[in-house]
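To start, the structure itself, in structure tokens.
What follows is calculated from the coordinates using simple rules that are stated; it is not laboratory data. Values in this document were obtained by computation on a predicted structure and should not be read as measured data. No Cβ is skipped: glycine too gets one built from the backbone with ideal geometry, and neighbour counts run over all protein chains shown.
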Amino acid sequence: MILAMPYESGEVFQHFGKSKEFQLYEIEDGKILGSRVMSAGENGHSALADMLGKLGVTVLVCGGIGDGAKQALAQWGIRVLAGVQGPVEQVMEEYLAGRLSASAGATCDHHHEEGHSCHGGDSCCH
């Protein structure tokens, strides 16, 4: 399986639709076979969902994400674990150990161009 996390400076980036890089992990039998950082190329939840789907990603661990992005990812069969913060390496350890605290729901519900805040005031999602 391939797991992806929006990535910036070693941390889970909190704004899915604005992600510029993703940390990708290839996992088999609960072990990491390899990892790499990949440039996103384009912004926007549809473009990012298409990119991740074409790469064969099956799980996305992220911070803020809205319903539109979740729907675009669901079309590719990508499971979303949202509301996650912290260093990607620590998050990955928690995921593999089955201790990752995440939400299956959207963590942002604003519409494009609206002011908003999520996670106690941090910008998120689109």
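Distance between the pseudo-spin-label points of Glu21 and Leu100 (7 Å out from Cα toward the beta carbon): 1.9 nm.
Loop-located chymotrypsin sites (Phe, Trp or Tyr not before Pro) in the stretch 1-104 (DSSP state not H, G, I, E or B) with no more than 13 neighbouring Cβ atoms inside 10 Å do not occur. Database remark: amide H of Val12 closer than 5 angstrom to the amide H of Gly86, Val88 (H placed geometrically; neighbours at sequence offset of 5 or more, or on other chains; Pro and chain starts carry no H).
Cross-link partners of Lys18 among lysines, defined as those whose alpha carbon lies under 24 angstrom from its own and excluding same-chain residues fewer than eight positions apart: Lys54, Lys70. The label-point distance for Lys54 and Met1, in a model that sets each label 7 Å from Cα toward Cβ, rounds to 2.4 nm.
Remark: relative contact order (the stretch 2-96) = 31 percent; criterion is Cα-Cα distance under 8 angstrom and separation of 6 or more residues. Ordering Ile2, Val12, Ala72 by the projection of their Cα atoms onto the charge dipole of the stretch 2-96, which places +1 on the Cβ of Lys and Arg and -1 on the Cβ of Asp and Glu, puts Ala72 at the extreme positive end. In a reduced charge model with +1 at each Lys and Arg Cβ and -1 at each Asp and Glu Cβ, the stretch 2-96 shows a dipole moment near 260 debye about its Cα centre. Here the extension length gained between Glu93 and Arg36 equals 18.9 nm, from 0.36 nm per residue of separation less the Cα-Cα distance.
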